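Asker: Structure in structure tokens, see below.
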């Protein structure tokens, strides 16, 4: 009884906690709501604090009809799709190899994967640019895919190693007893159990390629060759700012990211629940 009274939160502390949560919620919701509301305003009312008075879809129509937005979208789909599929496969196989096998150079490989995360992206732009120029991959989707893989794979491989470490080695041994080779064991037995890790890895890889700006603008030239992240910058430059078109394009760009997040979250929760209730 005494411990219950001791742990009971005082009214002042409870009020402070709820106020802090409310403030955090407002800070998280106000920017995207402002973005959404502004996208439906006429350009003359972009900085108006009032809600939408004259609802219009002109900003969206201008973005789709009068810019290279559809080209940007197609370029992003190619880059993001390639980066996600190849990145998840490489990260999963690398994480599994490091988790299960002992081979010469394993520890240096683990250190290399860790050290690569310590370099700021800005430092790597010049050497990667020179490498892509030498290989003739500038202004090519393949160049961006390879570049994004260098960002996503090291972190995702470490993350997948943690998921594989949590899966009992007995499952691998049972697969070998049943006649499966190492890749068959990985593909048929281990990978389905690591579905939560694959969902998180896929989402991280997707976001890395979908929202990255620095490499996209440095390696791609010509408006028709830009990705969505690079294309958004064309609405705001030193000559002026078209906030109506910028916000409309940003809303469209956010929709696929929200869908992918919902998909990854659903699989992550269902995978964790299945693992928790499995006898």
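Only the coordinates and a few stated rules stand behind these numbers; no lab work does. Keep in mind that what you see is a predicted model, and the values were worked out from it rather than measured. Counting neighbours? That spans all protein chains shown, and the Cβs are built from the backbone with ideal geometry, glycine included.
Asker: Which value, to two decimals, describes the C-alpha radius of gyration of the range 50-100 once divided by 2.2 N^0.38 Å?
Answerer: Numbers: Rg = 20.2 Å, N = 51, 2.2 N^0.38 = 9.8 Å.
It is 2.06.
Asker: When a footprinting reagent is the concern and you count Cβ atoms within 10 Å, what order do 172, 65 take, fewest first? Display every interim value, and only then the final one.
Answerer: Details: 172 20, 65 9.
So the residues, fewest neighbours to most, are 65, 172.
Asker: How many nm separate the modelled label positions at residue 19 and residue 43, each set 7 Å beyond the Cα in the direction of the Cβ?
Answerer: Each label point lies 7 Å from its Cα, and together they span 4.4 nm.
Asker: With an 8 Å Cα cut-off and a minimum separation of 6 or more residues, compute the relative contact order for the range 68-277 in percent.
Answerer: Details: 209 pairs, mean separation 67.3, N = 210.
Relative contact order of the range 68-277: 32 percent.
Asker: Quick one: give the max-minus-min coordinate of the C-alpha atoms of the range 110-176 along each principal axis, largest first, in Å.
Answerer: For the range 110-176, the Cα extents along the three principal axes come out at 48, 24, 14 Å.
Asker: At R0 = 35 Å, how high is the FRET efficiency between residue 66 and residue 140 if r is their beta carbon distance? Nearest 0.05 is fine.
Answerer: Rounded to the nearest 0.05, the efficiency is 0.85.
Asker: To the nearest 0.05, what FRET efficiency results for residue 111 and residue 89 with a Förster distance of 30 Å applied to their C-beta separation? Before the final figure, lay out the partial values.
Answerer: Values: r = 23 Å, r/R0 = 0.76.
Efficiency, rounded to the nearest 0.05: 0.85.
Asker: Right, another one. What number, rounded to the nearest 500 deg cm²/dmol, is the helix-based mean residue ellipticity at 222 nm of the chain, given -39500 (n - 2.57) per DSSP H run of at least four residues and division by all its residues?
Answerer: Computed ellipticity for the chain at 222 nm equals -24000 deg cm²/dmol.
Asker: Right, next: Among 27, 156, which comes first, second and so on when ranked by fewest other beta-carbon atoms within 10 Å?
Answerer: Neighbour counts put them in this order, fewest first: 27, 156.
Asker: Quick check: residue separation of residue 29 and residue 159 times 0.36 nm, minus the Cα distance between them. What number comes out in nm?
Answerer: 43.8 nm
Asker: Over all directions, how big on average is the projection of the convex hull of the alpha-carbon atoms in the range 72-134, in square nanometres?
Answerer: Over all viewing directions, the range 72-134 projects a mean Cα-hull area of 6.1 nm².
Asker: Now, a different point. Work out the FRET efficiency for residue 223 and residue 58 from their Cβ-Cβ distance, taking R0 = 30 Å, and round it to the nearest 0.05. Mind showing how you got there, number by number?
Answerer: On the way: r = 21 Å, r/R0 = 0.69.
That gives a FRET efficiency of 0.90.
Asker: In the Gaussian network model of the chain, springs joining C-alpha atoms below 10 Å, which of 185, 67, 217 carries the largest mean-square fluctuation?
Answerer: Comparing 185, 67, 217 in the GNM, the peak value goes to 185.
Asker: Could you estimate the translational diffusion coefficient of the chain from the Stokes-Einstein equation, with Rh from the Kirkwood formula over C-alpha pairs, at 37 °C and 0.692 mPa s, in whole µm²/s?
Answerer: On the way: Rh = 22.3 Å.
Reported coefficient: 147 µm²/s.
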